[in-house]
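Worksheet for the structure shown next.
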Amino acid sequence: MVLPEQRFWEVDLLRGCAIVLMIIYHTFYDLDLLGNFSFAVNQGKLWIIGRSSAVLFIYTAGIALGLSYSRYRLKHPENRNPWHKYVKRGIRIFFWGSLITLVSWFAYPSMPIIFGILHFLGISIIIAYPLIEKKHANLIVAGVVIAIGFYLKTIRVPNDWFLWLGVHSTSFQTLDYFPLLPWFGLVLIGIATSNHLYPAYERRFNIPDMTGFAPVRLLTAMGKRSLAMYLLHQPAIILVLYLLGLIRFPFSF
């Protein structure tokens, strides 16, 4: 049995893998955007790497949300409705996304990040709360959300008021875009995974302990600090590439 204070290393491992894929993708993205290089970042292998990172990141966020709720219920059985905890968490993550929006507006005024992955995750944590204990219902709702999201991708409207849902104008440009539809469906699949495989904060399947391997320890350490890694990886990549003379600095003073 895993104690409430402990973590499931395999979940952190998946998040660590998502971070590594994200670093690889954004390195080539920055070289293409800020340097004299031409990489097909929106197609082919690089696109697959970038999308794989996003899928893993969002899916494990759903798993972590389910685990967090189970852990909280074990530690605080008297509080059966800790909705305030997840509202605060969602607002905090949305706030970090808003800071990224502010920075991107100065660096790339023609395509700022309006509703990126942190905005999406912040809102998702809040609106997922009513379904956080569900198993099969989450999968059904996820299927509907994903289907509607893919349909909305074919629609264009005159303005961008509902871009957070997945509907935007033809002129909309941004560096990072994760609307609720269809991506919220992936969060719900992650929650359902947690409720099926880790009910009451217990692992219901056997897996060999691989934490003795150095690469696994490194990836799990990264996964434990996924938000910090997300916030810091782009400035670090840009700084390194700039010092190597491979890109120009995105800000002009």
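The values are calculated or read from the model by the stated rules, or taken from the named source; none is laboratory data. This structure is a prediction, so every number in the text was calculated from the model and none was measured. Neighbour counts run over all protein chains shown; Cβ positions are idealised from the backbone, glycine included. Heads up: the accessible areas ignore ligands, DNA and RNA and are worked out on the full protein's heavy atoms, side chains in. Shrake-Rupley method; radii C 1.70, N 1.55, O 1.52, S 1.80 Å.
Some notes on this structure:
- Count of region 101-112 residues, restricted to those that are open to solvent by 20 Å² or more (accessible area, probe 1.4 Å) and either of a type outside the set (A, V, I, L, M, F, W, C) or in contact (Cβ under 8 Å) with a residue 24 or more places away in the chain (or both), is 5.
- Pick from region 32-59, criterion open to solvent by 50 Å² or more (accessible area, probe 1.4 Å) and touching an Asp or Glu at 6+ places or on another chain (Cβ under 7 Å), ranking: farthest from L232 (Cα to Cα): S38
- Test: Y29 is within 23 Å of A236 (Cβ to Cβ), part of a helix (DSSP H, G or I), hydroxyl-bearing (S, T, Y) and in contact (Cβ under 8 Å) with a residue 12 or more places away in the chain: yes
- Cβ-Cβ under 9 Å pairs, at least 6 apart or on other chains, region 146-170 side over 19 Å from G185 (Cα atoms) and hydrophobic (A, V, I, L, M, F, W, C), far side open to solvent by 100 Å² or more (accessible area, probe 1.4 Å) and in a strand (DSSP E or B): none
- Selected residue [charged (D, E, K, R) and either surrounded by fewer than 14 Cβ atoms within 10 Å (Cβ to Cβ) or at pLDDT 95 or above (or both)] from R92, R73: R92
- First in region 60-74 and part of a helix (DSSP H, G or I), second anywhere and of a type in the set (D, E, K, R) and open to solvent by less than 20 Å² (accessible area, probe 1.4 Å), Cβ under 7 Å, 6 or more apart: none
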